[in-house]
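Visitor: Structure in structure tokens, see below.
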Amino acid sequence: VAGDTMLLLEQTRQVAIQSLPYRDVVPLDLIWLPGMVDDVLDLSGPLAEEQNGLLPVLAQNCRIDGRLLAFPYMLDVGALYYRRDLLEKYGFGGPPRTWAELERMAAHIQACERAAGHPDFWGYIWQGYPSEHLNCNALEWQHSEGGGLVVDEHGAVTVYNARTIAALEQARSWIGTISPPSV
């Protein structure tokens, strides 16, 4: 897989480089930025005023060695979409604050909705297919359950720990219970 990733990085880099004479701006995913530091300009000066409006974490993600080498044009954030009407209908005062609360609330609402004649109702739908989306979900579960980082600040792989395993097992348990088998 690492070889495939490096090939994709090089192909992305080449496409971007070949288009540079024709473009002032090249859209790219920030994960590719470290491999393109020699091919893009420092935007710190030209976008000095605009970067003041960025959230600090966004500005940090666009910087390498203090140079602003990218500028976000879209924002990827985790969000939980929920139905306020169903939460209110079944006596919940607001959305869940933990994954355990989500599991309990989804199971209750699902059971009530199915009893009310909606046999295909599922309590929680999420991005469970193998993709970057699932990776993002898994990182959210891991972090929120205290599983730490995948790689710590010293470069040690720390993802294989009891809390991360428990978080992933919890998510797996949702399949076929509060989430459809097809997620």
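Visitor: Looking at the P(r) of the chain, how many percent of alpha-carbon pairs lie beyond 27 Å?
Guide: 49
Visitor: Go through Ala111, His143, Gly123 and say which Cα lies farthest out towards the positive end of the charge dipole of the chain; charges sit on Cβ, +1 for Lys and Arg, -1 for Asp and Glu.
Guide: Ala111
Visitor: Between Rg and the Kirkwood Rh of region 78-183, both from Cα atoms, what is the Rg to Rh ratio? Could you put the intermediate results ahead of the total?
Guide: Values: Rg = 15.5 Å, Rh = 15.0 Å.
In region 78-183, Rg relative to Rh is 1.03.
Visitor: A further question on this structure: Ignoring everything except DSSP H segments at least 4 long, calculate the 222 nm mean residue ellipticity for the chain; use -39,500 (n - 2.57) per segment, divide by total residues, nearest 500. Don't jump to the answer; show the numbers that get you there.
Guide: Numbers: 7 runs with 77 residues, N = 183.
Computed ellipticity for the chain at 222 nm equals -12500 deg cm²/dmol.
Visitor: Select from Trp122, Trp32, Trp99 the residue whose mean-square fluctuation is largest in a Gaussian network model of the chain (Cα-Cα springs shorter than 10 Å).
Guide: Trp32
Visitor: Which order do the peptides 130-137, 142-149 take when ranked by the mean count of other beta-carbon atoms within 10 Å per residue, highest first?
Guide: For the peptides 130-137, 142-149, the packing ranking is 142-149, 130-137.
Taken together, the values in this text are just the output of simple stated rules run on the coordinates, not laboratory data. Predicted, not measured: the structure shown is a model, and the values here were computed from it. Glycine also receives a Cβ, built like all others from the backbone with ideal geometry; neighbour counts cover every protein chain displayed.
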